[in-house]
Amino acid sequence: MLGYEPEEIINQPINIILQNSQNNNLNNDNINEVPIYKSLEDGTVHHINHAIFYRKDGSYFPVEYISTPIIEFGTTIGAVITFKDITERKAIEKMKNEFISIVSHELRTPLTSIYGALNLLATGLLEPESPKGKRVIQIASENSERLVMLVNDILDLERLESGKMKFIKQQWLASDVMTAAVELVQNMANKANIKLLFSPAAIPLEIDRDRIIQVLTNLLSNAIKFSSPNSTVWLNVQLQTPELDSSPEKSPTVLFIIKDQGRGIPSDKIESIFDRFQQVDASDSRKKGGTGLGLPICRSIVQQHGGNLWVESNLDRGSIFYFTLPQQAVEN
């Protein structure tokens, strides 16, 4: 686990692999602060839940370890150190903390709104048919839709990452999924006064049609949401064939391009927007809608088809999202 041969560490100080989380520069003056040495000094067991061990190559990982003294005739002659790599545990803790954050922010806000709206109607403070009553009902309905969307996105992402989502891949034309996606977002584009242009091409693909339409509609709706009125969003597709001198294993790929004239993405956010619950602006989930899970879901769907998803963007000049799909189906 540490990358050393036994002869490299015999008779060497423990600080070549152990770094104190309080002080990453252990030396002979402070080495006695390490619990392993305390076991040798006082003959007691020390259980450390969070520490860092360093590998020979300089990389490090979180560990939990127990230092148990070896005592013979009342004298401590050594110690047995058992340690466990807790990298996976840390990752699970991070996911748990993220989920708690979601519950406290993403779920609580719409639930509070729905509760308040229903309470006003139930207590008779507002008449359902009055203008204010109708507005309250509309607010409750919109927040209910947001909750359903959030729950569905969480479930989709978990199924994708756990490999439990089944893909039914069949032969379809790129023009078919492009047309279906544009039809789904056309009304949204009309309301936002966005011109939607697309150039369908009859390129055959072996895909899960519904999931690729899900990717296209998500990317198109994002482009519409973050574009200014009277601007244009484009959807194009290209067939990419391997170079003549490339590897014979390479097969043709299909490249989808979604381009907008929106506000763009800062360079330091280019990759983070594909993480869970990450948006360019923290207020976007309230102002623009969405759950912050759409792009991670899109990337996972594309990757499980054997493709890639990425973005190029310049602030105030728009963004271009690209994703590729192999023409031939890739086994999950």
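The values are calculated or read from the model by the stated rules, or taken from the named source; none is laboratory data. Owing to the predicted nature of the structure, the values given are computational and were not obtained by experimental measurement. We place every Cβ from the backbone using ideal geometry, glycine too, and count neighbours over all the protein chains shown. Protein only, heavy atoms only, side chains kept; ligands, DNA and RNA dropped before computing areas. Shrake-Rupley method; radii C 1.70, N 1.55, O 1.52, S 1.80 Å.
Charged neighbours of residue 9, selected by a Cβ distance under 13 Å, balance to -1 (K, R count +1; D, E count -1).
For the pair residue 68 and residue 151, what calculated FRET efficiency results from E = 1/(1 + (r/R0)^6), where r is the Cβ-Cβ distance and R0 = 56 Å, to the nearest 0.05? Write out the running numbers ahead of the final one.
Details: r = 47 Å, r/R0 = 0.84.
It comes out at approximately 0.75.
Heavy-atom accessible area with a 1.4 Å probe sorts 93, 312, 127, largest first, into 127, 312, 93. In this structure residue 259 has an accessible area near 90 Å², from a 1.4 Å probe over the protein heavy atoms.
Net charge around residue 317, counting only other residues with Cβ within less than 13 Å of its Cβ (Lys, Arg = +1; Asp, Glu = -1)?
Working: positive: 259, 263; negative: 260, 312, 316.
Spelling it out: positives minus negatives among the neighbours equals -1.
Dipole size of the chain about its Cα centre, with +1 on Lys/Arg Cβ and -1 on Asp/Glu Cβ: approximately 1620 debye, rounded to the nearest 20. For the set 268, 176, 42, the ranking by accessible area, highest first and with no ligand, DNA or RNA atoms included, is 268, 42, 176 under a 1.4 Å probe.
If R0 is 51 Å, the Cβ-Cβ spacing of residue 59 and residue 135 corresponds to a FRET efficiency of close to 0.35.
In this view, the solvent-accessible surface of residue 148, computed with a 1.4 Å probe and all protein chains in place, comes to about 90 Å². Temperature 37 °C, viscosity 0.692 mPa s: under these conditions the Stokes-Einstein estimate for the stretch 97-203, based on its Kirkwood radius over C-alpha pairs, is 185 µm² per second.
Length available on full extension from residue 191 to residue 317: 0.36 nm per residue minus the Cα-Cα distance, which gives 43.2 nm.
Take each complete run of DSSP H in the chain, measure how far its Cα atoms stretch along the helix's own axis, and keep only those covering 27 Å or more with mean Kyte-Doolittle hydropathy at least -0.5; list them.
On the way: long enough: 131-162 (47 Å, -0.26).
Span-like helices here: 131-162.
Say the dipole of the chain comes from +1 at the beta carbon of Lys and Arg and -1 at that of Asp and Glu; which of 304, 43, 74 then lies farthest toward its positive end? Value: 304.
For the residues 126, 184, 150, a GNM of the chain with alpha-carbon springs under 10 Å puts the largest fluctuation on 126.
Amide H contacts of residue 79 (H built 1.01 Å from N, in plane; Pro and chain starts excluded): 70 sit under 5 Å, all sequence-distant by 5 or more or on other chains. At an R0 of 22 angstrom, the distance between the Cβ atoms of residue 176 and residue 267 translates into a FRET efficiency of 0.05. Surface exposure of the chain, expressed per residue as accessible area with a 1.4 Å probe, stands at 59 Å².
A prolate overall shape is assigned to the stretch 38-92, the ratio a/c of its alpha-carbon gyration tensor axes (a ≥ b ≥ c) being 1.5 or greater and a/b exceeding b/c.
Quick one: with all protein chains in place, what share of the accessible area of the chain is carbon or sulfur, to the nearest percent (1.4 Å probe)? Roughly 52 percent, rounded to a whole number.
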